[in-house]
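Computed from the coordinates by the stated procedures, all read-outs in this text should not be read as laboratory data. Just so it is clear, the structure is predicted and the values come from calculations on it, not from any experiment. Heads up, the Cβs are rebuilt from the backbone with ideal geometry, glycines too, and the neighbour counts pull from every protein chain shown.
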Number of protein chains: 2
Amino acid sequence: MKLYFVTMNPFKEQEVTQYLQDAPVDLQVFKYPIQEILNLNLEVIARDKALKAYARLGRPCAVEHGGLSIEALQGLPGGLSKVVWDSVADKVCNFLDANESRAASAQTVIGYCDGKRVHLFKGETKGTISECSRGDYAFQWDPIFIPNGDTRTYAEMGFPEKARYSQAAKAWGEFAAYLRANQG
Amino acid sequence: MKLYFVTMNPFKEQEVTQYLQDAPVDLQVFKYPIQEILNLNLEVIARDKALKAYARLGRPCAVEHGGLSIEALQGLPGGLSKVVWDSVADKVCNFLDANESRAASAQTVIGYCDGKRVHLFKGETKGTISECSRGDYAFQWDPIFIPNGDTRTYAEMGFPEKARYSQAAKAWGEFAAYLRANQG
């Protein structure tokens, strides 16, 4: 089955190809800028993006939406991701007061529209916000997020190691399992 | 001429009625939840909201979108307004470091769709972010925004006085002038 992955992020192709290597699909990346809605909830956004992608393509397609929800900021930036991280980046680690929780949850939701309905697959990695920005590998919140079970930020790990904790890897793993169970 | 003002904010009706009292329109408030797009730019959002309101109503209608752009946060929260202020409120004044600019710009954009095109009317009030939250009148950023020319936050002034500085009053004033110039 041909599966279109709709994204504007050039770095995603290689990553997702790897996550879906055991899934029974022929992955095709389709570059198309989807107008996102204003919402904190990743599942609401992913569902909307999947419907818009299908409306454009008319073929089975998947979209991904990731976000970091910070407890002391009432879940912000959550699904607002790109506009917030492009603007304030690792400065966010200074937004938390000394006595506040530094707990955060990194989440990825995949929306897959098969033409009949949208299926959602979610991955979550819990962790904490570092006291200051650390590491060179700088994608959105990577320099300030420390996954539980480690002491380094995602940025200090770099990609291959980060993938062990990655919320995106979990979500794509769920999706791959669904595709294998529903093939043919 | 009957003009529909599309909003979900019950406090806006009285305020806007006052701003348009000399304009040649019969103002009707129409409650309809418009799905906002994710964008920092108030003009882009207001144009999109006006088109969606017109698509729903099919009659001349206006929408309002307000936002506070904070210089040291690269313009955030800007047009993201409601989701950000509902989540973190006056805590935003702690997001700025001691040595950073506290400059901010409060803006309101009105989008008016006459059925042929969307006209935009903008009001802006420059000011600064207070060191801490001050005042009781708590609408979004009112307790942390000090307009240039005063030492009090909007919240410390309360409505009648705040209207002297209000970016919304300026935008509706522009719109009223347009309506008077184009009546008949």
B:D136 versus B:T151, label points 7 Å from Cα toward the beta carbon: distance in nm?
2.2 nm
Extent of the protein assembly as shown along each principal axis, from alpha carbon coordinates, in Å, largest to smallest?
69, 49, 27
A:Q28 and B:R117 label points (each 7 Å along its Cα→Cβ direction) are spaced in nm at 4.0 nm
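Among B:D90, B:D136, A:D150, which comes first, second and so on when ranked by fewest other beta-carbon atoms within 10 Å? Don't skip to the end; give the middle numbers.
Values: B:D90 22, B:D136 9, A:D150 15.
Listed from fewest to most nearby Cβ atoms, that is B:D136, A:D150, B:D90.
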Helix axis angle, B:167-181 relative to chain B longest principal axis, alpha carbon, degrees
20 degrees
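Need one value for B:80-93: mean number of C-beta atoms belonging to other chains within 10 Å of its residues' C-beta atoms.
4
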Pairing the Cα long axis of helix B:42-57 with the longest principal axis of chain B, what angle in degrees results, from 0 to 90 and rounded to the nearest 10?
30 degrees
Magnitude of the charge dipole, segment B:20-75, Cβ model with Lys/Arg +1 and Asp/Glu -1, debye to 20:
340 debye
What is the local net charge at A:P147, summed over the other residues whose Cβ is closer than 14 Å to its Cβ (Lys, Arg +1; Asp, Glu -1)?
+2
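List the relative contact order of segment B:1-151 as a percent without decimals, with contacts defined as Cα pairs under 8 Å and 6+ residues apart. The partial results should precede the final answer.
Details: 284 pairs, mean separation 31.4, N = 151.
It rounds to 21 percent for segment B:1-151.
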Take every Cα pair under 8 Å in segment B:89-164 that's 6+ residues apart, average their separations, divide by the length, and report that relative contact order as a whole percent.
26 percent
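Quick check on my link table: of A:K82/B:K12; A:K31/A:K126; A:K116/B:K31; A:K49/B:K31; A:K122/A:K162; A:K91/A:K162, which ones sit more than 28 Å apart, alpha carbon to alpha carbon?
On the way: A:K82/B:K12 31 Å; A:K31/A:K126 30 Å; A:K116/B:K31 32 Å; A:K49/B:K31 26 Å; A:K122/A:K162 17 Å; A:K91/A:K162 21 Å.
Those over the limit are A:K82/B:K12; A:K31/A:K126; A:K116/B:K31.
Could you give the semi-axes, largest first, of the ellipsoid that matches segment B:2-181, computed as the square roots of 5 times the alpha carbon gyration tensor eigenvalues and rounded to whole Å?
Values: eigenvalues 164, 61, 37 Å².
Here the semi-axes work out to 29, 17, 14 Å.
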